Structures are given as structure tokens and as C-alpha cells.
Ligand SMILES: O=C(O)CCC(=O)C(=O)O
Ligand SMILES: [Fe+2]
């Protein structure tokens with residue numbers, strides 16, 4: 001994993017490049033510290049705020065070995081399961097599963113050619129290119145050059161961070177410098193249907209990400225936006241997942257205030273997850289987690305509406321994509337119409353031409369305001385979809401994926417009408433004002 005000092009040269013040479021008397025190490029650390037300050041302004045970098053819990057010294061593997069609910073997920077191979085079977089048994093019933101044998105010919109996964117993805121190979125291919133490692137308090141993306149990320153994940157001091165920075169970038173597949181990454185994997189046949197493509201490449205919500213980070217990085221508990229489902233293909237390392245069925249639990253219960261949650265996955269797994277395995281939890285009629293340890297070469301399927309949290313047990317590298325299909329179009333439509341009115345109008349216009357069957361479904365969906373509280377249950381249960389509670393939660397969720405929607409909008413591409421920050425569940429900023437600020441604000445760490 002180590003090739004970080006290649007460009008150092010002599011100290012004298014370096015001095016020309018960096019501030020006088022600054023070593024290469026200091027220079028890189030400055031970049032990393034700047035990114036840390038921006039992504040988590042509540043922590044003091046100098047006073048050890050990033051490692052104050054000492055999570056790096058806990059044995060995460062011991063906890064994972066004792067997980068009780070690992071049997072609840074089914075593993076299915078693409079070699080022995082047909083697409084129709086998958087759709088009937090898992091997609092239509094919104095049942096999560098782990099898919100095996102689907103990545104064997106992906107360049108990013110086969111460690112035998114120039115296409116393998118690791119921090120080192122990415123740092124070689126995209127040394128000076130910046131990848132998103134977080135979001136600042138105003139919702140702007142914070143990016144670090146790939147060579148600096150490589151330094152970060154190889155530095156034992158930084159690797160004591162309780163919740164290390166996590167590269168989660170949805171723009172790489174569209175940027176000319178990094179677009180070639182698209183050639184390194186193939187959307188599995190089972191997930192070919194992708195109804196948001198009819199919105200158009202420029203205006204559709206963000207839907208694909210490269211995701212990599214050290215142990216203890218991860219995604220805290222959330223529901224994916226716009227009633228989309230997701231596949232998440234793991235190239236290296238192990239990911240631990242905890243999943244809870246749609247409608248089984250509400251946000252205030254799974255993400256309570258007052259127990260010291262800070263939005264980080266590792267904190268959620270330490271402080272909240274254990275409560276979900278207790279007798280008390282069961283007594284309240286709440287569901288136990290479905291625990292999963294995902295291994296390299298496995299694709300996790302997360303149907304829409306499921307609460308899920310992910311913790312990286314190792315250095316992991318993954319690619320993930322969100323999608324909507326005809327099987328769940330009614331729910332997707334109801335949420336999208338509310339959350340993205342302009343985009344949904346454009347979408348419907350196109351669907352009338354290319355998928356009149358779906359346009360008909362869209363026209364038949366009641367608006368939330370037209371449905372009284374008592375009627376909501378029956379109207380939603382008469383369709384194949386989930387509840388409006390779940391939909392409202394999916395719409396409200398604060399998540400990396402949602403934040404990227406804003407990121408695009410700030411750049412002028414999307415039509416997101418609101419944005420929320422990582423720290424302010426309740427904070428909704430006016431996008432027009434944010435756009436103005438974006439124009440005058442430098443967002444990256446050089
Ligand atoms: O951190 C991860 O790999 C999970 C990501 C996830 O759940 C998401 O992208 O919605
Ligand atoms: Fe997710």
C-alpha cells in the first residue's frame with residue numbers, strides 16, 4: 001500500500017514547492033488536516049478530537065464474530081439463479097440478499113490487469129485528481145487529491161481516527177479525467193432497468209458512486225433517497241451491515257437524540273446498534289437487525305425503504321448504484337413528485353412517450369394532500385408499495401447521496417430545491433442563496 005514518497009525529492013527541492021522549511025510530510029498533513037477540519041468542524045484536530053473515543057483500539061472483529069443474526073440473509077449465485085427468479089423472490093418482495101459470482105469478469109475486481117481498483121492503483125492513475133471525502137457544514141463537498149488520500153490511509157497516526165474520512169464520490173464517472181473507471185465494471189443484468197435514465201443524464205439524481213475508506217469508516221443508519229433500491233459491489237475488504245425492514249421502525253427510534261450519536265457510522269454501531277438486539281427492543285415489537293458481513297466479490301442488494309447502516313471492518317473499495325424499476329415505480333413516483341417537482345414533470349413527459357404504461361401508473365397515484373390520514377393505509381396497501389410513512393422518511397433522510405444531489409444543483413445541473421447539512425437534521429437552506437455562495441467559494445483542498 002505504500003508509494004507515498006515518490007515525489008518527495010530532496011528537502012531542498014521540496015522547499016521550492018512548499019512554504020519555506022515545510023517538509024513534504026508537513027505539507028501533506030496540512031492538506032489532510034484542512035479536510036478534517038472542514039468535514040467535522042466540531043472536532044479539534046490539534047487536541048486529538050478525531051481519536052478521542054479510542055475506537056481504533058477496540059476489536060471490531062470480535063464484535064462481528066458474535067453477531068447473532070447473520071443467518072437471516074440469503075446468498076444467491078448468478079450462476080444458479082435466473083433474473084426472473086431474483087425479481088419475483090427478492091425485488092418484488094423487497095427482500096435483501098447477497099449476490100455472488102457476478103463480478104468475476106470485472107476489471108476493477110480481477111487483480112490481474114491494469115484495471116484493478118485499490119488506493120494504490122487509483123493513486124497511480126489519478127494522482128492529482130481530487131476525490132470527495134466528506135461535506136462541510138454548509139453542505140459543500142470537501143475533496144482531497146488521490147495522492148493525499150493514499151498518504152492518509154497509510155499513516156498510522158491518522159489511522160487511529162475514530163471515524164476516518166470516507167471517499168464517497170458520485171462525480172468520478174462523469175468527469176473526463178476519471179470517466180475511464182466506468183470501463184472497469186459492468187452493471188449486473190439483474191439491475192439493468194433504470195427508470196431515472198429517462199430524466200436525462202444531466203438532470204437525473206446522482207446514482208452511482210465509488211466508495212472507499214479505512215476500517216471504522218462507513219455510512220450511518222439511513223434509508224436511501226427517492227425510494228430507490230441499491231446494489232453495492234465490494235472489491236476488497238469486509239463491510240458489516242445492519243438492516244431493518246421498511247415501516248418496522250421510525251427515525252426517532254433508530255436514530256434517537258440524546259444518546260451521543262454524531263452522525264458517524266461507528267458511533268451508531270457502538271451506541272445504538274446494541275440496543276436493537278435487546279429483549280427490551282423485542283418487547284416493544286421492534287425487529288432485530290439483519291446482520292451481514294459482506295466479503296469481496298459479493299454484491300449486497302438493498303431494496304427501497306430498508307433502514308441500513310454500514311461499517312467498514314477493513315480498508316474497503318466498492319462501487320454502488322441506486323436504481324428504480326417498474327416493480328416499485330408507484331412508490332418512487334409518489335416520492336419523486338413531492339421531493340423533485342420540476343424533475344418529475346420532465347420525467348413524466350418522457351415516460352408518456354417511452355413507457356406509457358408507467359405514465360398511467362403515475363397518473364393514478366393519489367397526492368398525499370388528497371389522501372386523509374385514515375385512507376392512507378388502504379390506498380398504499382392496495383398498490384404493491386410501502387407506506388407513506390416510509391416514503392416521508394426516505395424523503396427526509398439526510399445522507400451522502402442526498403447531499404450530492406445538492407452538490408450537483410449548486411453546480412447548476414440539478415433541480416434539488418433544498419439541501420440539508422450533516423449536522424442539522426432540521427436545517428433546510430434555500431438553494432438559490434446557496435448557489436450564489438457556491439459561485440464565490442472555493443470548495444476544494446488543493
Ligand atoms: O458505505 C457503504 O458502502 C454503504 C453506502 C450506502 O448505504 C449508500 O450509499 O446508500
Ligand atoms: Fe444506503
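Among the criteria (1) more than 16 Å from ligand 2 (Cβ to nearest atom); (2) at pLDDT below 95, the one residue 328 does not fulfil is (1).
Kindly indicate which of 366, 287, 341, 356 is more than 13 Å from ligand 1 (Cβ to nearest atom), without any contact (Cβ under 8 Å) to a residue 60 or more places away in the chain and exposed (fewer than 14 other Cβ atoms within 10 Å of the Cβ). Result: 356 is the single residue among 366, 287, 341, 356 that is more than 13 Å from ligand 1 (Cβ to nearest atom), without any contact (Cβ under 8 Å) to a residue 60 or more places away in the chain and exposed (fewer than 14 other Cβ atoms within 10 Å of the Cβ).
With the condition kept exactly as written, say whether any residue in the range 252-263 is within 16 Å of ligand 2 (Cβ to nearest atom), on the phi > 0 side of the Ramachandran plot and part of a loop (DSSP other than H, G, I, E, B). Within the range 252-263, one or more residues are within 16 Å of ligand 2 (Cβ to nearest atom), on the phi > 0 side of the Ramachandran plot and part of a loop (DSSP other than H, G, I, E, B).
All conditions but one from (1) part of a loop (DSSP other than H, G, I, E, B); (2) surrounded by 20 or more Cβ atoms within 10 Å (Cβ to Cβ); (3) within 15 Å of ligand 1 (Cβ to nearest atom) apply to residue 249; the one that does not is (3).
The residues of the range 321-334 that are outside any loop (DSSP other than H, G, I, E, B) and buried (at least 23 other Cβ atoms within 10 Å of the Cβ), listed by number, are 322, 328, 329, 331, 332, 333, 334. When the residues of the range 231-243 are filtered to those that are surrounded by 22 or more Cβ atoms within 10 Å (Cβ to Cβ) and within 25 Å of residue 327 (Cα to Cα), the one that is nearest to ligand 2 (Cβ to nearest atom) is 232. A single member of 231, 241 is in contact with a strand residue (DSSP E or B) (Cβ under 6 Å, 6 or more places away or on another chain), closer than 30 Å to residue 200 by Cβ and in a strand (DSSP E or B), and it is 231.
Scoring residue 295 on the criteria (1) touching a residue at least 60 places away in the same chain (Cβ under 8 Å); (2) farther than 25 Å from residue 59 by Cβ; (3) surrounded by fewer than 20 Cβ atoms within 10 Å (Cβ to Cβ); (4) in the same structural domain as residue 221 (by TED's automatic domain parsing) leaves a single failure, condition (2). Take the residues of the range 216-228 that are assigned to a loop (DSSP other than H, G, I, E, B) and farther than 21 Å from residue 188 by Cα: which is farthest from ligand 1 (Cβ to nearest atom)? That would be 216.
Output yes when any residue across the range 47-67 is modelled with pLDDT of 95 or more, closer than 30 Å to residue 304 by Cβ, surrounded by 15 or more Cβ atoms within 10 Å (Cβ to Cβ) and not assigned by TED's automatic domain parsing to the domain that holds residue 304, and no when none is. Checked the range 47-67: no residue is modelled with pLDDT of 95 or more, closer than 30 Å to residue 304 by Cβ, surrounded by 15 or more Cβ atoms within 10 Å (Cβ to Cβ) and not assigned by TED's automatic domain parsing to the domain that holds residue 304.
The values are calculated or read from the model by the stated rules, or taken from the named source; none is laboratory data. From a predicted model like this one, the values you see are computed outputs, not experimental measurements. Here the Cβ is made from the backbone with ideal geometry for all residues, glycine too, and neighbour counts use every protein chain on show.
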